[in-house]
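J.: Please see the structure below; I have some questions.
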Amino acid sequence: MVLWLSLGWVFASVMVAMLPLRSQYVPGVLLLLAAPILIVLIARAIGFGAACAALLAFGSMYRNPLRYFWTRLTRPKEEHPL
């Protein structure tokens, strides 16, 4: 089951990558949120090594969105004068 879910996630990512940029946001965020759940399932079904490989692949594919969210979370809030 985990294998089929993983393959579905990969094919969905490829399909989203082929969409125009404006159409990628919603499905891309859904795939971004689904990936950690899938990685945990891989760890439980296959093992720690496979989960580490999946985590590295996920980080490689989503490095720019992850960097963006990390910067948004860690950057201090700037106050703008009115």
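The numbers here are math on the coordinates, done by the rules we state, and not lab data. In this text the structure is predicted, and so the values were computed from the model without any measurement. Cβ placement follows ideal geometry from the backbone for every residue including glycine, while neighbour counts extend to all protein chains displayed.
J.: Divide, for the chain, the radius of gyration over alpha carbons by 2.2 N^0.38 Å, where N is the residue count.
T.: Scaled against compact globular proteins, the figure is 1.33.
J.: Label ALA45 and MET1 with points 7 Å out from Cα along Cα→Cβ: what is the distance between them in nm?
T.: 0.8
J.: Determine the dipole magnitude for the chain: charges of +1 sit on the beta-carbon of Lys and Arg, -1 on that of Asp and Glu, nothing else is charged, the reference point is the Cα centre, and the result goes in debye to the nearest 20.
T.: The calculated dipole for the chain is roughly 80 debye.
J.: Would you work out the relative contact order for the range 2-72, in percent, from Cα pairs under 8 angstrom that are 6 or more residues apart?
T.: About 27 percent, as a whole number.
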